Every structure is written in structure tokens, then in C-alpha cells.
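The values are calculated or read from the model by the stated rules, or taken from the named source; none is laboratory data. Predicted, not measured: the structure shown is a model, and the values here were computed from it. All Cβ positions, glycine included, derive from the backbone under ideal geometry; neighbour counts span all protein chains shown. Protein only, heavy atoms only, side chains kept; ligands, DNA and RNA dropped before computing areas. Shrake-Rupley method; radii C 1.70, N 1.55, O 1.52, S 1.80 Å.
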Amino acid sequence: MKNLTTGALVAGSTLLSPFAAYAETEVQFWHAFTGRLGELVAAQVEDFNASQNNFTVVASHKGNYSETLNAGIAAFRAGEQPQILMVFEVGTATMMSAGGAVRSVTEVMEASGADFDPDAYIGAVNGYYTTTEGEMLSLPFNASTPVLWVNRDAFEAAGVDPDTDLSTWQNVDETLTALQDGGSTCPLTTAWQSWIHLENFSAYHDVPFATQDNGFAGTDTALAFNGPAQVAHISAMGEWAADGKFFYAGRRNEGGANFRAGECALFTESSAGYAGISSEAEFAFDVRPLPYWDGVGNSPQNTIIGGASLWVMEGHEDAEYEGAAQFLAYLSSTDVQAKWHQDTGYLPITNAASDATRTAGFYDANPGTDVSVIQMTANDPTANSKGLRLGSFDQIRGIIDEELEAVWSGDKDAQTALDSAVQRGDALLRRFEAAN
């Protein structure tokens, strides 16, 4: 709908009172959040709508990340696209190549006159969604990075010091053995195995995941995550899986339920796991930096973001774009971003929100909640650690998942599995390059 008319209904009639009626421009916002995150987004939308009388944002859950992206594409083809679409980070190249389907955030914000300063956004977050010419394509929203979650009670139950140094995978290796010897049946589990243990692993060790600056320099890229560093890491995890030290629960965040239930001692997961863990876990927990292999690559460099950004779709009226811009400006405001960061564990997308959180004493009162910010900003990103911008990346992740599962089950060694994933993924990249 281009305009939503609201007001007091005349009793017994469907007609609007001419004295109470007023027009609000409706802005559709499609997202992928459920549970606690869905509640927090609903609260943001409600607060924005209550703050002014010109626009009404209508938020709709459209499934998981992949389903939401597909719903947006299908809607555009049918001429029924929303004004704002949440797209996870691996869909960035797909959206960039969708000529005529999207309007850059820079264009939308500047045309509306809404508060917008690209330099206000944290560099490592901003760069992922910005062209080399400095045009911000989509608004970073729920940006996360992987960290290591520690169940302190599980450590103590196994007779292992919960304050043991877990900064390196060498130390984690020794700790997994100690946890298992102490009776732990789930020393380690993970979420999002490709994102954490190949994509972020590569960035954190400053080794390429793909050529052409991981896709930022062009579509004629080739995958490179079958190098010595990645093979060694996946080999180690394969050995942990065979020994019962690493429990594989699924491709997305299925392992989160095991960790929140207290079954697992260590969990590699998004910093945004804070929303669920802090509200559900009945045990003491820590947030630690993602481990790195000491002496491998240029580690620790910086991790890269996950999560999603908000894309503005083409095909709407000027008033709707103004409403979209005002809502995006609201989401970027310091108070809203600081609260979002504190409630969820997602990164604050602006430097001001990070500063406000620190000034308020949140990090002091909640030790470890600043780990993600430090991990992302300690070093300037390199060509290997700026992020990934690859076509058909959602499908490539599916291939990677298949091959990693073959390693965890003992059906393939790490080199064979990663070589296969690279070969299969490169075929998709060549088709994407030919089409774009």
C-alpha cells in the first residue's frame, strides 16, 4: 500500500471520521528474526512508529536468512517488493548484481535529508557494504563476529580451571583433552561452521579465502580456502570429532541449544549469541576472543562480520523512500544502537554507540561483552580480512557444509574435502561471473 489511512472508526460503520483521520506512509520491512531478536526488533519498530506521525513501519518475518533473501527476490519479480529487505552478508554480491532492484543507502539518505554520515560507522563494518568509491550500498544492522563462549560450570565439573588461557587453538586442544578426561561429553561444539572455521579463520590468520581480495576486486575470483592453514585447522577439528571432543550439531546454530542447556563446555558462535545465552543459560559463562593458531599466518589479524544489512528496494514512491530513510537513521542513532548492542551482542555499527556503551559502564558490569568490538577493531583490515564478496555464496556455503560433514564423519580427509569444495564452488563462481 502506498498510504495507510488510520484513525477513529465511527461506531457501527466502516467509514473513518473526517476529524480523526490522518495519512501515514507505510514502509514494509522484511526480516529474518524470531525469538528474543524478533522481540527486540518489534520493540524498535514500535518505538519508531510512536516517535512520529508521518510513517508506519510494518515489520514481517519471512523465514531464515536464505528464505528472506529468496522471498525478497520473488517479491521484486512480482512487483510486490518491500521498501526495506534484510539480507545476510553472503547475499551482498547477489544484491549488488541485481541491477534495477536496489537503491543505495547513500542515495536514499542524501535525497531525504535524514541524518547520515558514512564516517560515523565502524570501519570494519562499513567497508563490507561500501563500494571502493565510498558509496554505502546497504545499512549495516545486525553485524556480528564469532567469539568463544565458555561454560564455567562445565569446566569446574570436569576439574578444569575455567580461567585457563584459551587464546590459541594449541591451548584449546590441550583443554579439550582435559575436559574429556574430566567427564565432559561435549567439550566443544560450534554454530555456522563455514563462517567461523573457514571464512573467519582465514581472515583471522590473514590468509586468502578467495582471490581478487576475496571478491572485492572483481567477479573473476577463485576460491582459495584449501590452503595449508585451513587444511591444518579442519584436520585438527576432524581429529577432535573422531575422538569425541568436538560435537557437531548442524549447519546453522543447532549447537546453541546444547550450549544453552549446559551440555557443552566450549562453543564457537556469533557474538550475537549473547541475547539467547544471557537469557536462557543457568550457568556462569564467559565470552572470550576466537582462538587462533599461534605461528600460523599473520594471526591474530581481525575477524570479519556476519549477520545482515538492510537494503532499500527500487520501485516505490518518494514518500516511502523518505520513510525508509528516517527509519534507517533512527536505527543508526546512538541511543538505539547502544541498546541494540547491549541487548544482543551484535556489534555497535557506529563509533558513537560503542563509546556510549563504554561510558555507561556496560563493559565493566558485563565482562567480555566488548570482546567482539576489540577483535574487530584492534587491527586495520587487510585484503584478506576486509570481508567476502562472492557470487552464489549461499550455495557455496552449502557445498562447504557438505564437505565439512564428510570430514566430521571420517569419510574424507580435510585436504580432499576442501579441494572438492573449492572445485565445486569455483564452478558456481564462473556461472555467476558469466551472468554478471
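Please work out which residue is nearest to Ala143 (Cα to Cα), limiting yourself to the range 41-68 and to residues that are surrounded by 17 or more Cβ atoms within 10 Å (Cβ to Cβ) and modelled with pLDDT under 95.
So, considering only residues that are surrounded by 17 or more Cβ atoms within 10 Å (Cβ to Cβ) and modelled with pLDDT under 95, the one nearest to Ala143 (Cα to Cα) is Tyr65.
Among the numbered conditions (1) free of Cβ contacts under 8 Å to residues at least 24 places away in the same chain; (2) buried (at least 18 other Cβ atoms within 10 Å of the Cβ); (3) of a type outside the set (S, T, N, Q), tell me where Glu402 comes up short.
Every listed condition holds for Glu402 apart from (2).
Within the range 380-394, is there a residue that is among the β-branched types (Val, Ile, Thr) and at pLDDT 95 or above?
Restricting attention to the range 380-394, the residues satisfying the condition of being among the β-branched types (Val, Ile, Thr) are 382.
Adding the requirement that they be at pLDDT 95 or above leaves none.
The answer is no; no qualifying residue exists.
Filter the range 311-361 down to residues that are closer than 27 Å to Asn70 by Cα and either assigned to a helix (DSSP H, G or I) or of a type in the set (Ser, Thr, Tyr) (or both), then give me how many there are.
18
Which count do you get for residues in the range 289-315 that are of a type in the set (S, T, N, Q) and open to solvent by less than 10 Å² (accessible area, probe 1.4 Å)? Break it down into steps so the answer makes sense when it comes.
Let us first name the residues in the range 289-315 that are of a type in the set (S, T, N, Q), namely 298-299, 301-303, 309.
This time we only want the ones that are open to solvent by less than 10 Å² (accessible area, probe 1.4 Å), so: 302-303, 309.
Residues meeting the conditions: 3.
Taking only the range 232-275 into account, find how many residues are open to solvent by 20 Å² or more (accessible area, probe 1.4 Å) and in a helix (DSSP H, G or I).
Residues of the range 232-275 that are open to solvent by 20 Å² or more (accessible area, probe 1.4 Å), as a first pass: 232, 235, 239, 241-245, 247-249, 251-254, 257-258, 260-263, 274.
So of that shortlist, the ones also in a helix (DSSP H, G or I) come out as 232, 235, 239, 241-243, 257-258, 260, 274.
Final tally of qualifying residues: 10.
Of (1) outside any loop (DSSP other than H, G, I, E, B); (2) under 30 Å from Glu263 (Cβ atoms); (3) of a type in the set (Val, Ile, Thr), Thr303 satisfies all except one. Which?
Going through the list (1) outside any loop (DSSP other than H, G, I, E, B); (2) under 30 Å from Glu263 (Cβ atoms); (3) of a type in the set (Val, Ile, Thr), Thr303 breaks only (1).
Please specify each residue of the range 121-157 satisfying the condition of being buried (at least 20 other Cβ atoms within 10 Å of the Cβ) and in a loop (DSSP other than H, G, I, E, B).
Once the filter is applied, which keeps residues that are buried (at least 20 other Cβ atoms within 10 Å of the Cβ) and in a loop (DSSP other than H, G, I, E, B), the range 121-157 yields Ile122, Leu137, Ser138, Thr145.
What about Lys339, is it closer than 22 Å to Phe88 by Cβ and either open to solvent by 50 Å² or more (accessible area, probe 1.4 Å) or assigned by TED's automatic domain parsing to the domain that holds Ser270 (or both)?
On the way: closer than 22 Å to Phe88 by Cβ: no; either open to solvent by 50 Å² or more (accessible area, probe 1.4 Å) or assigned by TED's automatic domain parsing to the domain that holds Ser270 (or both): yes.
Answer is no for this residue.
Considering Asp411, Asp394, Asp419, which residue is open to solvent by 40 Å² or more (accessible area, probe 1.4 Å) and outside any helix (DSSP H, G or I)?
Details: Asp394 fails: outside any helix (DSSP H, G or I); Asp419 fails: outside any helix (DSSP H, G or I).
Answer to the selection: Asp411.
Look at the range 35-73 and say how many of its residues are under 25 Å from Gln342 (Cα atoms), among the polar types (S, T, N, Q) and in contact with a strand residue (DSSP E or B) (Cβ under 6 Å, 6 or more places away or on another chain).
Here the count works out to 2.
Given the criterion surrounded by fewer than 19 Cβ atoms within 10 Å (Cβ to Cβ), over 22 Å from Leu198 (Cα atoms), in the same structural domain as Ala101 (by TED's automatic domain parsing) and not hydrophobic (A, V, I, L, M, F, W, C), identify the matching residue among Asp318, Asp286.
Values: Asp286 fails: in the same structural domain as Ala101 (by TED's automatic domain parsing).
None of the others qualify; the one that does is Asp318.
What about Gln193, is it touching a residue at least 24 places away in the same chain (Cβ under 8 Å) and under 26 Å from the mean Cα position of the chain (by Cα)?
Working: touching a residue at least 24 places away in the same chain (Cβ under 8 Å): yes; under 26 Å from the mean Cα position of the chain (by Cα): yes.
Yes; evaluated as a whole, the condition is true for this residue.
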